[in-house]
Amino acid sequence: MSTSLMVSDAERPETKDDPGRPKDGDSERAPSCDHFVILSMQRSGSRDAEKILNDDPSINASMRCEGEFFNFDEGQPGRTHADFLKVTPDEVRQHGVQWWYQKVFEKLEQVQFQLHGAQSPCAVGFRAFENPDVYGSPDLDGTMDFGFNSDEMDPLLTDPAVKKIILERRDTAGQWLSNQRGCRFGDMSDHHAHDSHSDQLSFIIDKALEGHFCGPQVIGNYTRFKKMKCDMYGHWRYMLNKTSQSYITIQTEDLDKLKADPSQLREFLFPIANHVAK
């Protein structure tokens, strides 16, 4: 399996005024969980990776991975939580990514402790997608238009208190075709195990061969899409290596193997020392 763990794990610092951490004298508050994100792109199998984590019987009582909180489209977790906090997506962006992911972790911890009865050690996380262009760009026309641009992601990338799982699909051409399919048909469902509409893919391939593409250049043009993907993942790794953080890289093509044996993910999120201390 081509997963890889990079660099020794940095010690988690306490963060001043972090809403996900108990303050002095706040004995009513449950202890906080470890925090993590899955850094990925659409059509990389991130929902499968999330499900593998949530279904692992060894840790599912203490761990939860929950949705796309950088996605502020109607009905998506980012918009739902922003509405709950009575803030708009634009106000979230004004506060910045660090403010937002702390609010998200606070919510996920409340769900774990209050609804699921979790106890420390525990971990909560979500899928974090980066904007492929500029937020609100009319060129994107709502497609892959996520909350934070590349430079705005840096406070998350450089925060050693948040563990990072990088999920990357080796088959960039297949990923591009899948994005073209989603753009043209609005079909963003999982096609790995079963594809009820394989005719859609055949149609997309035929259109591509004819030179007809869907969406703005960063999505419709394969060369632009491939460069954008390379730059995005390269920046993530650069920032993580620059700050000497540990992270784990998973290939989409290895998710079936990881489902059969999720121990590497489990040990990354719950180091052996935690199990010994129980």
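The values are calculated or read from the model by the stated rules, or taken from the named source; none is laboratory data. Note that the coordinates shown come from a computational prediction; the quantities given were computed from them, not determined experimentally. All Cβ positions, even for glycine, are placed from backbone atoms using ideal geometry, and neighbour counts span all protein chains on display.
Of note:
- Counting the residues of the range 54-69 that are assigned to a loop (DSSP other than H, G, I, E, B) and either over 17 Å from the mean Cα position of the chain (by Cα) or among the charged types (D, E, K, R) (or both) gives 7.
- Lone unmet requirement of (1) part of a helix (DSSP H, G or I); (2) touching a residue at least 12 places away in the same chain (Cβ under 8 Å); (3) among the small types (Gly, Ala, Ser) for Ser244: (1)
- Complete set of residues in the range 198-217 that are in a helix (DSSP H, G or I) and in contact (Cβ under 8 Å) with a residue 40 or more places away in the chain: Gln217
- Scan of the range 155-165 for residues that are among the β-branched types (Val, Ile, Thr) and buried (at least 21 other Cβ atoms within 10 Å of the Cβ), ordered by number: Val162, Ile165
Here's the yes/no breakdown for (1) within 24 Å of Ile250 (Cβ to Cβ); (2) in contact with a Cys (Cβ under 8 Å, 6 or more places away or on another chain); (3) at pLDDT below 95:
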position: Gly136; (1), (2), (3): no, no, yes
position: Pro155; (1), (2), (3): yes, no, no
position: Ile165; (1), (2), (3): yes, no, no
position: Ser178; (1), (2), (3): yes, no, yes
position: Gly186; (1), (2), (3): no, no, yes
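- Among residues of the range 250-278 that are under 19 Å from Ser40 (Cα atoms) and in a helix (DSSP H, G or I), those with a beta-carbon under 8 Å from a residue that is at pLDDT 90 or above and among the polar types (S, T, N, Q) at least six positions away or on a different chain give the pairs Phe268/Ser246.
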